[in-house]
Protein chains: 2
Amino acid sequence: MKQHNILNYYVGIDIGGTNTKIGIVDDKCNIIIEKSIKTLPELGVQKTFSRIWKTTQEMADTINISEDNIIGIGLGIPGLIINQSIIKRAANFPWGDNVNAKHLMEEITKKPVKVEKDVNNIALGEYLFGEGRGFKNILVISIGTGVSAGIIINHQILSGTTGCGGEFGHIVINPNGLKCGCGLTGCLETYVSTAGLLREAKKLITEKNSGLISKQFQNNLQQLEVHHIFEFYKKDDAIAITVIENFCRHLAYGIGILLNIINPDAIIFAGGISKSADVIIEKVNKYLHNYALQASMENLQFRSSKLLDSAGIKGAAALIMNTDKTENL
Amino acid sequence: MKQHNILNYYVGIDIGGTNTKIGIVDDKCNIIIEKSIKTLPELGVQKTFSRIWKTTQEMADTINISEDNIIGIGLGIPGLIINQSIIKRAANFPWGDNVNAKHLMEEITKKPVKVEKDVNNIALGEYLFGEGRGFKNILVISIGTGVSAGIIINHQILSGTTGCGGEFGHIVINPNGLKCGCGLTGCLETYVSTAGLLREAKKLITEKNSGLISKQFQNNLQQLEVHHIFEFYKKDDAIAITVIENFCRHLAYGIGILLNIINPDAIIFAGGISKSADVIIEKVNKYLHNYALQASMENLQFRSSKLLDSAGIKGAAALIMNTDKTENL
């Protein structure tokens, strides 16, 4: 078994609703070993963190890294994080409000810990190691069950005072729309999300019952998944086209607002939907000029994540590695 | 005549559409002398800058400060500024695009010069010397002929890659609305601006012709000014109330979006409208919970500028004084 000679290792952890990805990285942030485990947040935050640490110890052991050589741990969590420490509110976990995740993880591991919102770590990962390299201001847009942006401005994460930085999914676009999980009504996220995409597609399939997508799913709507919609879009199915066009128009509206406020060098699509980034970028560009200042679009780069899952691990590890670039003073 | 013994002085200049304010400050950013001159931008940028510098030299002379002791100059300009140097586009000046204002002013003055958007300098002034002291993330909202925000995040100005940082006045809120000066249609600024306020008030006075404000202005609408609307609001005039309510509802919409993206510690109202900040803050708070994430409003401070005009002078001077805090790397 190979003995690693580098003495400084860091752990990057990306806690998701279903799975948690754990990586041990070297001092250049190369991932030496990574593993995915079930998150099982219902067991409580203490138990979840303990299981994650136990797995990390086993991983280190596998590759003959001494626990003493693990310098620090970065955590990514889907929720509002204050001061890279406190989970003000976790998106889907029954952990209560204002959990001091940094303190808890430091108690369990006896290592220094920093915590950020998952998408902010992904943004940091892309900024340092991925499609965001060389830029000063970037947006990483992650679309999944919700939509949010990880924002790097002047080379730093924009976390916001109470962890709400980048929560552009909660721009209200329809005051008479659907109630959003956040408590507001008609948020962008009720349209721009996997749930929104599926809801609109199912609605049109039921109402219109025409074309290829209806033929395949009219009698088993519950089997419809997001990738189907993109597949039928590419087959010129009218319903799929309408759904994708509306989705991208709404997304362009949100991105237009971000451009007028943040004015980044580049926008990088991450998360599951980045597999369809080519379609999304084309359509967003079609609508964007209606919503964004012309000057904010000049030289703007659109990119699709190549790091994929490793962005969250690398960004989390970088949080604790590179205090100069990531600490919000 | 008093001889000043401090050897380091800086110049802060706030160039406005009509008037330009010039201040000479000491190394604590105390304004030693200030003067306002007509901007006369129609004479061209070269002549405007030369006149400003000549006035500055005369001011220095008046108080026996040697030109050699002026260390640097900060400029604030209403327009999109790139890299604290280039006026990508000036709001109202016939100077053409992409004027290298830094280079030009350095040639004229033989001093180091930095340039920022006017509202960004005001934000820096408030952050360092005014209502923003002690905070890490602030928004300074200036409402006048337009509306925009000077944003400080992680103690730094958010200028944006092409100078569009903070341009939330160009969020499209009504795709069927009025054409905006920026080229987009239905921007927030077409409602939230002095022009928007006056337009809506004149419209209601003409349509309804009732109440105190109609009585006074129905036959001389062109005499109506913004302060009148606030005065009649305080006299419970129904038209003034409707106009102010709508204005503040639109403003709350824009602020809600800023909160969901920037999530600052404090919002400071600056510019002419800050005289009516008490009314605006009360009404914005009334509507804000419809548009902002609850977490983003917790502990949020609303303030009204006390520095007023001097914020722009002090912020401009601080740009060049305090490279650590203001330079965007």
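Please work out if B:LEU319 is away from chain A (no Cβ under 11 Å), at pLDDT 95 or above and crowded, with 23+ Cβ neighbours inside 10 Å.
It is true that B:LEU319 is away from chain A (no Cβ under 11 Å), at pLDDT 95 or above and crowded, with 23+ Cβ neighbours inside 10 Å.
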Among residues of segment B:195-248, those that are surrounded by 17 or more Cβ atoms within 10 Å (Cβ to Cβ) and of a type in the set (Asp, Glu), counted: 2
Subset of segment A:141-170 [touching a Gly at 6+ places or on another chain (Cβ under 6 Å) and either surrounded by fewer than 24 Cβ atoms within 10 Å (Cβ to Cβ) or farther than 16 Å from A:GLY76 by Cβ (or both)]: A:ILE143, A:GLY144, A:VAL147, A:PHE168, A:GLY169
Any chance B:SER296 is polar (S, T, N, Q) and within 14 Å of chain A (Cβ to nearest Cβ): yes
Any hit, segment A:92-105, residues being over 27 Å from A:ASN8 (Cα atoms) and of a type in the set (Gly, Ala, Ser): yes
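Rundown of residues vs (1) within 22 Å of the chain's Cα centre (by Cα); (2) farther than 27 Å from B:ILE152 by Cα; (3) of a type in the set (Asp, Glu), yes/no style:
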| residue | (1), (2), (3) |
| --- | --- |
| A:LYS235 | no, yes, no |
| A:GLY254 | yes, no, no |
| A:ILE257 | yes, no, no |
| A:ASN263 | yes, no, no |
| A:ALA266 | yes, no, no |
| A:SER274 | yes, yes, no |
| A:MET297 | no, no, no |
| A:ASN322 | yes, no, no |
Top-ranked residue of segment B:139-185 - restricted to ones that are of a type in the set (Gly, Ala, Ser) and more than 10 Å from every other protein chain (Cβ to nearest Cβ), ranked as farthest from B:LYS88 (Cα to Cα): B:GLY177
Of all residues making up segment A:258-273, the number that are surrounded by 21 or more Cβ atoms within 10 Å (Cβ to Cβ) and either in contact with a His (Cβ under 9 Å, 6 or more places away or on another chain) or more than 11 Å from chain B (Cβ to nearest Cβ) (or both): 7
The listed residue being modelled with pLDDT under 95 and closer than 20 Å to A:HIS170 by Cα, out of A:ILE273, A:ILE268: A:ILE273
Subset tally (residues that are outside any loop (DSSP other than H, G, I, E, B) and either under 19 Å from A:ALA149 (Cα atoms) or at pLDDT below 95 (or both)) for segment A:192-204: 4
Single match in B:ILE255, B:ILE313 (criterion: within 14 Å of another protein chain (Cβ to nearest Cβ), buried (at least 24 other Cβ atoms within 10 Å of the Cβ) and part of a helix (DSSP H, G or I)): B:ILE255
Selection from segment A:14-30 of residues that are surrounded by fewer than 16 Cβ atoms within 10 Å (Cβ to Cβ) and in a strand (DSSP E or B): A:ASN19
Criterion: part of a strand (DSSP E or B), of a type in the set (A, V, I, L, M, F, W, C), touching a strand residue (DSSP E or B) at 6+ places or on another chain (Cβ under 6 Å) and touching a residue at least 40 places away in the same chain (Cβ under 8 Å) - qualifying residue of B:ILE71, B:ILE65: B:ILE71
Some residue of segment B:205-223 being within 14 Å of chain A (Cβ to nearest Cβ), in contact (Cβ under 8 Å) with a residue 12 or more places away in the chain and in a helix (DSSP H, G or I): no
Qualifying residue in segment A:171-191 (condition: more than 17 Å from B:ASN263 (Cα to Cα), among the acidic types (Asp, Glu) and either part of a helix (DSSP H, G or I) or in contact (Cβ under 8 Å) with a residue 60 or more places away in the chain (or both)): yes
Yes/no for A:LEU308 being within 11 Å of chain B (Cβ to nearest Cβ), out of contact with any Phe, Trp or Tyr (no Cβ under 8 Å at 6 or more places or on another chain) and touching a residue at least 12 places away in the same chain (Cβ under 8 Å): no
Residue within segment A:126-148 that is aromatic (Phe, Trp, Tyr) and more than 20 Å from B:ILE157 (Cα to Cα) present: yes
Hits in segment B:42-62 - residues which are more than 12 Å from B:GLY23 (Cα to Cα) and touching a strand residue (DSSP E or B) at 6+ places or on another chain (Cβ under 8 Å): B:VAL45, B:THR48, B:ARG51, B:THR62
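The values are calculated or read from the model by the stated rules, or taken from the named source; none is laboratory data. What you see is a predicted model; the values in this text were computed from it and never measured. With ideal geometry, Cβ positions are generated from the backbone for all residues, glycine too; neighbour counts draw on all protein chains shown.
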